Structures are given as structure tokens and as C-alpha cells.
Amino acid sequence: MRSFYAPAQATHAPQRELHNGGFTAYAEVPARAAAILAAIGGAEAPRDHGVAPIAAVHDPAYLDFLRDAPALWAAAGRSGDAIPYAFPIVGRRPLALSRIDALLGAHAFDATTPLTPDSWTASYGSAQSALAATHAVLGGERAAFALCRPPGHHAGRDYCGGYCHLNTAAIAAQAARDAGIAKVAILDIDYHHGTGTQDIFWARGDVLYASVHADPATDYPFYWGHADERGEDEGEGATLNRPLPHGTRLDAFRAAQGELLEAIAGFGAGLLVVSFGADTWEGDPISDFALTTANYQVLARDIAGLGLPTVVAMEGGYAVEALGANVASFLSGF
Ligand code: SP5
Ligand code: ZN
């Protein structure tokens, strides 16, 4: 399978993240990409499709923020990575904010996504990998793999979170729409619900968002991904959520994914984007499902059974020692 990865994606390397009452080592490390590259035998550097297909999904002011925030942080006399601490829960509306802390909080939903001077370049490369895989599939490849790192599915139109800055799956789906594919489906099988992807397509009927994930009643991101979230307006019924309990193994995961595959088949999509996270693996350090390495091939075969041109975009997966084998197992199912 053709795979895409830009070397600049390795440069984003925050020191630490804030969650569960303290700072811990940042889980979304560059070594994740190295492990995947070693297991799949390398990847092609993506062609540069420019910023336009990114701006088709994200607010241009947010893209400026991603580029400029680290310099503003340094100019305010701060050291280390830029991290927010105050969030506009009362209502997000256009405000002329100048202090870096206000900008950070207005463009993030958590404190686990620090920005470094390299974050923009790395995430830009990640988005280009998603675009290259999409164009490979539009050009006739049965399936292609975008080694997206930083990952994407938590990033919304104008906010970051969950280690994500640019929503690579959404950028891929929108690029396919703009290339003339009338309906696109996104299947998200990362351990966490894809907050940003759901938000971006919430009121749209042309892109179906379907996700299997840990129940947000017990797991991050808490406020998104409950079973009663089904989209709005044109998008009503085009968001599907299947939360599952801790300890979930192949049978229950496969059954939930199977329901979503049936819905995708009925939707009439011309192209499928899979947000693939290997943080559903039994040994993942921040997650609580129990899939095995061999299980990923089974899940991928079921997905391939749809017969749709498929872009696989990498999301989470934090057990670096098993990540390469898990991704290789998944891709072998195609
Ligand atoms: C792309 C992606 O997978 N993002 C996930 C971001 C999760 N960040 C919050 C982590 C909270 C970890 N809780 C640890 C519980 C250990 N049992
Ligand atoms: Zn995840």
C-alpha cells in the first residue's frame, strides 16, 4: 500500500502534558512515527498541496494562531511549551484578544496539547500526508495510508486538543468532496471519540461521521461521543456514535464497527476515510480496551469488505513498542 509521511512531522516534540492532576511525559512522541515507518518499510514524502485544502476545513485565523502562538509565548517571557489555562466556557464568540493566554484558551479545549515552535510545520506536514493519500486514492489506488503524526481527529475548525492541531481526516474528506466525490464517510476507530471531526461535519449531510470509542461517561473527551449525538439540520442522522465499556475485546468492537459499516454502505459514500488509532490495543498506556495485534487485521478486512476507495489516517496509539506491528497488522487487512 502507498504510504505517506513528511520528515517535518517528527519535529513536534512537547516536553509534557497536563492531565489527571499533574504534568506527565508527553505521550504523543516522534518515536511513534519512527516505529510505524520501520514496520511498514518506509513511506513516500507527500507532494505539497499548499494551505488552501487546510483552510477549506480550518478557520484562517486559527491557522495564524498555530503559526504565531509559540513566538507570542516567548515574547511574553515564558519558557517551555505554550499551554492554556483559562477557557471560554460561557460562550465562544469573536473577541479581540491580545494576551497569549487568552488566545491559547480560545483555541483549545484541553491542556494536553502544548504548542512548540515546530507544531505548525509538523502538523502542516501531517495534513499534506493526508492529502497525498487522498489524491493517491482519487487517482485509482484501492487504499492508501497517511502516517499522520501529530494526529488530527480532536482538532475542530478553530481549536486544538487531544494532541491534535489540524484535522487530517476532515481535510482528506473535504479534499475528496472538492474533487467531486458527492458523499464521503469517515469511520473513526481510535479509542477516543473524534471530537473535532464530529463538530466539523455536525450539520452537514454530505459527510457521514461514524465512531466506535470508549464511553465518554468514563473516558476523555467526556463532553462528546455519547450515543444520543446524531447531528443536526442537514446533518441529522449523519453522525453515529457507538460508545463501548472498558475491557472491550474483538467481538464487541467488531459488532459495533459492523453496525457502522452497514450505515456507511447505506449512506452511498464514494470514498471512505478511516481514522485509525491503535490505542485500542490491550497494552496501551493511557487506554482500557483489549484488542490484540492480530485483531487489527480482522477489523481491516471487514472495512475492506465495503469495497470503497479508502484513505487510512493515523490517529492515536501510545504503546510505542507494539505500534509498528499493530499498524502493519491493520494495513495487511486491505
Ligand atoms: C489522538 C488521541 O488519541 N488523543 C488522545 C488524547 C488523550 N489525552 C488525555 C489522556 C488522559 C489519560 N488518562 C489516563 C488514564 C490512565 N488509566
Ligand atoms: Zn486516541
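Bear in mind that the values in this text are calculations on the coordinates, not laboratory data. These numbers were taken from a predicted model, which means no experiment stands behind them. Cβ placement follows ideal geometry from the backbone for every residue including glycine, while neighbour counts extend to all protein chains displayed.
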*Among H246, P285, G305, flag the residue with its Cα farthest along the positive direction of the charge dipole of segment 240-306, charges on Cβ as +1 for Lys/Arg and -1 for Asp/Glu.*
G305
*asked:* Treating only the Cα positions of the chain as identical point scatterers, give the base-10 log of I(q)/I(0) from the Debye formula at each q in 0.09 Å⁻¹.
replied: -0.41
*Using θ = phi - 60° and the Karplus relation 6.51 cos²θ - 1.76 cosθ + 1.60, list the HN-Hα couplings for segment 200-209 in order, rounded to whole Hz, with x at every Gly or Pro.*
4, 9, 3, 10, 10, x, 8, 10, 8, 10
*Non-local amide H neighbours of D81 (under 5 Å, H modeled in plane, Pro and chain starts lacking H): which ones?*
Q15
*For the chain, with only Lys/Arg (+1) and Asp/Glu (-1) charged at the beta-carbon, what is the dipole magnitude about the Cα centre, in debye rounded to 20?*
600 debye
_Check which residues have an amide H placed less than 5 Å from L244's amide H, if you skip close sequence neighbours._
H213, A214, D215
*Between the helical axis of 119-138 and the dominant principal axis of the chain, each derived from Cα atoms, what acute angle in degrees is found, rounded to the nearest 10?*
20 degrees
*Lys/Arg Cβ at +1, Asp/Glu Cβ at -1, dipole of the chain taken about the Cα centre: which of Y62, L271, A6 is farthest positive-ward?*
A6
*By per-residue mean of other Cβ atoms within 10 Å, what is the highest-first order of 195-206, 141-152?*
141-152, 195-206
*Within segment 103-142, which residues have the backbone N less than 20 Å from the label spot 7 Å out from A75 along Cα→beta-carbon, could you tell me?*
103-108, 115-121
*For segment 174-332, what D do you get in µm² per second when you plug the Kirkwood radius from alpha-carbon pairs into Stokes-Einstein at 25 °C and 0.890 mPa s?*
158 µm²/s
*Can you tell me which of 21-27, 46-52, 87-93 comes out highest on packing, and rank the rest after it, using the mean Cβ neighbours within 10 Å?*
46-52, 21-27, 87-93
*Among DSSP beta bridges lying fully in the chain, give the percent that are antiparallel, nearest 5.*
20 percent
*Using modelled amide H (1.01 Å from N, peptide plane; none on Pro or chain starts), what sits under 5 Å from the amide H of H19, excluding residues fewer than 5 places away?*
T24
